[in-house]
Every structure is written in C-alpha cells, then in structure tokens.
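Here's the structure we're looking at; comments come further down.
The values are calculated or read from the model by the stated rules, or taken from the named source; none is laboratory data. Just so you know, these numbers come straight off a predicted model, no measurement behind them. Neighbour counts run over all protein chains shown; Cβ positions are idealised from the backbone, glycine included. These accessible areas exclude ligands, DNA and RNA; they are computed on the full protein's heavy atoms, side chains included. Shrake-Rupley method; radii C 1.70, N 1.55, O 1.52, S 1.80 Å.
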Amino acid sequence: EFVAVLARLLTRHGNRVGALLYGNNVDTVLPARGGRVHVLDLLQRMAARPAEAAGGATDLRELLLAAQRTIKRRSTVLVVSDFISAPGWEKSLGHLAQRHEVTAVRLFDALEMDLPDIGLVTMRDAETGEHIVVDTHNRRFRERFEAAAKKRETTLREALARAGVDTLELGTDDDLVDAVLRFAD
C-alpha cells in the first residue's frame, strides 16, 4: 500500500518510478516510467510475486549492488525491506547513498519486538523454513527473546546510521496516511 500511494503521488506530478524486485535474487527490473498504467503494472507485478521466497537467507547486498549497476541517473531511491539479511549490506547501501538520495523504508511487526504470553506456539523461519515450538508462557524465554530483539534492533539502527541514509520505520499496524506524512516530513 505504501509503495502504491507513493508511486502514484510521484507519477501524478511528472516523476518517473522504477523498481527492482527481489526474492532470492533480483528477478524483476522495471525501468523508470511515468503514468498511471505504469504504476498499475508495478502493483500487479508486486501482487503476483510468491508470498514467500524459496529457502535461503536474503542477501540485501546483492539487491543494492544491482541497484548501483541499474540506476544510471541521480535519483531518489527507496529501499523497502525488513532489513533482515546476511551481514555486509550497509557498505553497499552507503555506496548507493553517495550517488543517490536514499531512504531506507524499514518494515517491521511489533510482535518481532515483544512476544506475547500465549502458550505453546509453532514458529517458522521465513528464510529457512525451519519449524520450532516455543513456550511463550515461559517468562525467561520471553525475556531472552526481547533482549535478542533489542540487540538486533540496535545493530540494525547502527548499520543504517553508518550507511548515512534517512530511515522511515513502517509498522504493519501503522496508519498509511501517517506513514506518508512522516515520509514527506
């Protein structure tokens, strides 16, 4: 929804919008164009993507390197991701930001930070497909989960700061209008 609204707002004012779509690798390159039909094509391609990529860890570095090779003109680049990736991507993001105006749009779910007490839960790693049963009723487990989430959060924010890019955090439960206004700010 966020991409749809921004793409349409930008193209309505004469800007062109392009996209690199990433699963386990860059599998779709949409050259920058303007107009409503192009935005609809972009949205259709995004909607047609599989809900989950095949197994394997995401390597955001590969996407960022592809962006450096693909985007020839100085541009505004939005990197929309959860930024859960193999390490080493922040240097590539920094290189991209040296030539372009880059904003990292970080997608997250509040449940990734604070695990509720709901008893036994089967969790599946979206990257590897591995299943594990956890007891969320166990207070010590929830505390360890929260500590690991805080550490991951700190590491991610430090990496984005090292890359020197603006960051917009977009929660799955955020209001879209509020998100667009924060982006504009």
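Each row is one residue, and each column tells you yes or no for (1) modelled with pLDDT of 90 or more; (2) farther than 20 Å from T76 by Cα; (3) surrounded by 12 or more Cβ atoms within 10 Å (Cβ to Cβ).
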{"site": "V17", "(1), (2), (3)": "yes, no, yes"}
{"site": "L21", "(1), (2), (3)": "no, no, yes"}
{"site": "T28", "(1), (2), (3)": "no, no, yes"}
{"site": "R33", "(1), (2), (3)": "yes, no, yes"}
{"site": "A53", "(1), (2), (3)": "no, yes, yes"}
{"site": "G56", "(1), (2), (3)": "no, yes, yes"}
{"site": "D59", "(1), (2), (3)": "no, yes, yes"}
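Which ones in segment 35-45 are surrounded by 15 or more Cβ atoms within 10 Å (Cβ to Cβ) and farther than 13 Å from L78 by Cβ?
Within segment 35-45, H38, V39, L43 qualify.
For R8, work out the one condition from (1) open to solvent by 40 Å² or more (accessible area, probe 1.4 Å); (2) outside any strand (DSSP E or B); (3) in contact with a Ser or Thr (Cβ under 7 Å, 6 or more places away or on another chain); (4) within 21 Å of S75 (Cα to Cα) it doesn't fulfil.
So the condition that R8 fails would be (3).
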